Amino acid sequence: MHQPGEVWVCDTGITVLGVLLSRASGQPLEDFFRERLFEPLGMKDTGFSVPAGKLDRLPTCYHRNPATGQFEVFDAAGQDSRFSRPPGFPSAAGGLVSTADDSLAFARMMLNKGEHGGRRLLSERSVELMNADRRRPVRHGFESRCRDYSMLPDELAAEDLGGRARIRGAPGAKHAQAPRRRELRVTGTDDLHPAGNPGRLRA
């Protein structure tokens with residue numbers, strides 16, 4: 001525990017928020033997500049674990065050993081994966097398994113300022129706040145180590161589409177959008193990035 005402003009800690013606030021959402025709604029967090037976002041968006045392959053009937057689609061996840069530089073298995077494929085069973089503590093900070101199609105559905109909703117198919121899922125103000133760069137300049141160096149949705153300043157967004165809202169997961173799961181140009185990009189790999197939470201895309 002620390003006093004506010006003493007240290008920088010990632011994820012604590014959103015983790016607590018997930019607990020509050022679950023208690024306020026009277027639902028497990030995954031059920032809340034599914035009712036409010038996944039089902040309305042048609043995200044049929046997103047959750048904190050993979051059903052037995054879909055485990056054949058879950059690939060091996062690798063990470064690079066910093067000592068040897070070699071790729072090693074981080075999470076095995078199929079029934080040997082940590083995602084073959086529900087987690088002990090579903091966290092709002094990360095840990096979802098998804099697909100490129102489901103990620104694209106979420107990205108399109110964000111690009112449409114919280115609307116999907118004529119239905120509002122998030123308030124426009126919520127989307128604005130999610131896209132806002134609220135970090136102080138001294139914290140910009142932490143950008144690649146956070147898994148939040150954030151609007152990046154131009155100097156940190158050169159690799160992205162010209163406008164710069166993006167979300168990063170692991171391994172290599174990422175989407176970026178250029179709201180003014182109405183463009184977005186979704187990418188994913190099976191390589192765990194060094195700061196990544198083990199939520200990932202599957203085939």
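Quick notes on this structure:
- Fraction of accessible area attributable to carbon and sulfur, segment 56-117 (%, probe 1.4 Å): 50
- Whichever lysines have a C-alpha closer than 18 Å to that of K44, once near sequence neighbours (fewer than 8 apart) are set aside: K54
- Ordering of 42-55, 79-92 by packing is 42-55, 79-92, highest average first (other Cβ atoms within 10 Å, averaged per residue).
- Modelled this way, with points 7 Å down the Cα-to-C-beta line, the labels at L129 and N65 are 4.5 nm from one another.
- In this calculation the C-beta distance from R181 to Q27 is compared with R0 = 35 Å, giving a FRET efficiency of 0.40.
- Here the simple spin-label model places points 7 Å from the Cα toward Cβ, and for R119 and K44 these points are separated by 1.5 nm.
- The alpha carbon gyration tensor of segment 1-126 gives principal lengths a ≥ b ≥ c with a/c of 1.5 or higher and a/b no greater than b/c, which makes the shape oblate.
- Distance between the pseudo-spin-label points of H2 and A100 (7 Å out from Cα toward the beta carbon): 3.9 nm.
- Across all C-alpha atoms in segment 67-125, the radius of gyration and Dmax reach 16.9, 52 Å.
- In this structure, the amide hydrogen of L58, modeled 1.01 Å from its nitrogen in the peptide plane, lies closer than 5 angstrom to those of G78, counting only residues at least 5 positions away or on a different chain.
- Available extension along the chain between Q79 and R36 is 12.6 nm, counting 0.36 nm per residue and deducting the alpha carbon span.
- Accessible-area rank, largest first, for T60, T68, T99: T68, T60, T99, with all protein chains present and a 1.4 angstrom probe.
The values are calculated or read from the model by the stated rules, or taken from the named source; none is laboratory data. Note that this is a predicted model, so its numbers are computed, not measured. So basically every Cβ, Gly included, is an ideal-geometry build from the backbone, and we count neighbours across all protein chains shown. Note: areas computed on protein heavy atoms with side chains; ligands, DNA, RNA excluded. Shrake-Rupley method; radii C 1.70, N 1.55, O 1.52, S 1.80 Å.
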